[in-house]
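Enquirer: Once you've had a glance at the structure underneath, I'll fire off some questions.
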């Protein structure tokens, strides 16, 4: 079996070499190439490369190479190859090939969601398995999962802290990855939602839901586990940074761009973007909950029916955002079940094909 380095070199060769790669990213299972000239790529040879599970052309210049769960290892090997330093710079106008839609802004929105959630996926998966352990403990009658923390043994309190750390501080992670995707400073992007999770900000809402800051009414919300407020704040940060860099001398960008960015974006997020983002998330979640309450059977058919078409195009990421929103607002989720049914159906089909092939 060839090593990951040998396979990565073969992949790079078959896509036309390092000089033909304009941009390279990866998702949970795929290498995502944006090529300067796809005519130079040998897709047949690429698909026959050992360890490559499949090749999916995307638009006129894109190629997705399916590698499975070890995709990060191959990505890291490819970017270390000579000449790949130039591939990290995004082209002046990002091309999406029109696969997901004929409008660039629609394509970018889905790409934005995909690249925002992909880096956080590892932490979410790890936390979800810790939740599974606690639910199993509840199932076997060892410890009530939903009991208040003051009634939980110390060991279980620590386990709850392990998974809640990911969901509670999820806005900070999303703020960082979303800002990085847009080209804004990721640490400033993380600091904006972090300000809304500090004890000082939380203390404002101890006695009331609305406070007045310098005479302006501020509606207080719980921003833990929220995904839409940091997403909107990252977009705002991108434009604020872009404007500040035009009017502030480059010699003092490092000091005054983050200073004014925080000074502008934290109040904007607290007063406007945060409540607006929570409204969007709650609206979508409430609509899907209404559909589920109307007929869980219909929802359980529609989601698995659409999912096989959403995944190859990267359109399933908005559903992940809604699932996190459901967990934050409802304490449970009704989308993952139908998605799981589709996954088990795929497993059944593959197992059947495997047994027949034997």
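The values are calculated or read from the model by the stated rules, or taken from the named source; none is laboratory data. Here the structure is a predicted model, which is why all the values come from computation and not from measurement. Cβ sites come from the backbone with ideal geometry, for glycine too, and all protein chains shown count toward neighbours.
Enquirer: Among the numbered conditions (1) part of a helix (DSSP H, G or I); (2) touching a helix residue (DSSP H, G or I) at 6+ places or on another chain (Cβ under 6 Å); (3) buried (at least 16 other Cβ atoms within 10 Å of the Cβ), tell me where residue 226 comes up short.
Expert: (1)
Enquirer: Mind checking whether some residue in region 140-159 is under 30 Å from residue 27 (Cβ atoms), over 18 Å from the mean Cα position of the chain (by Cα) and not assigned by TED's automatic domain parsing to the domain that holds residue 275?
Expert: The answer is yes; a qualifying residue exists.
Enquirer: For region 258-266, indicate whether the set of residues that are assigned by TED's automatic domain parsing to the domain that holds residue 186, crowded, with 19+ Cβ neighbours inside 10 Å, touching a helix residue (DSSP H, G or I) at 6+ places or on another chain (Cβ under 9 Å) and assigned to a loop (DSSP other than H, G, I, E, B) is non-empty.
Expert: Of the residues in region 258-266, the ones assigned by TED's automatic domain parsing to the domain that holds residue 186 are 258-266.
Subsequent filtering for residues that are crowded, with 19+ Cβ neighbours inside 10 Å retains 261, 265-266.
Next, from what is left, pick out any that are touching a helix residue (DSSP H, G or I) at 6+ places or on another chain (Cβ under 9 Å): 261, 265-266.
Subsequent filtering for residues that are assigned to a loop (DSSP other than H, G, I, E, B) retains none.
Scanning region 258-266, I find no residue that is assigned by TED's automatic domain parsing to the domain that holds residue 186, crowded, with 19+ Cβ neighbours inside 10 Å, touching a helix residue (DSSP H, G or I) at 6+ places or on another chain (Cβ under 9 Å) and assigned to a loop (DSSP other than H, G, I, E, B), so the answer is no.
Enquirer: What about residue 252, is it more than 22 Å from residue 178 (Cα to Cα), exposed (fewer than 12 other Cβ atoms within 10 Å of the Cβ) and either touching a strand residue (DSSP E or B) at 6+ places or on another chain (Cβ under 6 Å) or in contact (Cβ under 8 Å) with a residue 24 or more places away in the chain (or both)?
Expert: Here the answer is no, as residue 252 does not meet what is asked.
Enquirer: Turning to a different aspect of this structure: More than 21 Å from residue 172 (Cβ to Cβ), in a helix (DSSP H, G or I) and either modelled with pLDDT of 75 or more or out of contact with any strand residue (DSSP E or B) (no Cβ under 8 Å at 6 or more places or on another chain) (or both): is that true of residue 324 in this structure?
Expert: No, not satisfied.
Enquirer: Among the residues of region 188-204, are any within 27 Å of residue 258 (Cβ to Cβ) and in contact with a strand residue (DSSP E or B) (Cβ under 9 Å, 6 or more places away or on another chain)?
Expert: At the first step, the residues of region 188-204 found to be within 27 Å of residue 258 (Cβ to Cβ) are 188-204.
Still in the running and in contact with a strand residue (DSSP E or B) (Cβ under 9 Å, 6 or more places away or on another chain): 204.
Yes, region 188-204 contains a residue that is within 27 Å of residue 258 (Cβ to Cβ) and in contact with a strand residue (DSSP E or B) (Cβ under 9 Å, 6 or more places away or on another chain).
Enquirer: I've got another one for you. Here are 83, 68: which of them is exposed (fewer than 13 other Cβ atoms within 10 Å of the Cβ) and at pLDDT 80 or above?
Expert: Answer to the check: 83.
Enquirer: Tell me, which residue of region 189-201 that is crowded, with 22+ Cβ neighbours inside 10 Å and in a helix (DSSP H, G or I) is farthest from the chain's Cα centre (by Cα)?
Expert: Selected residue: 192.
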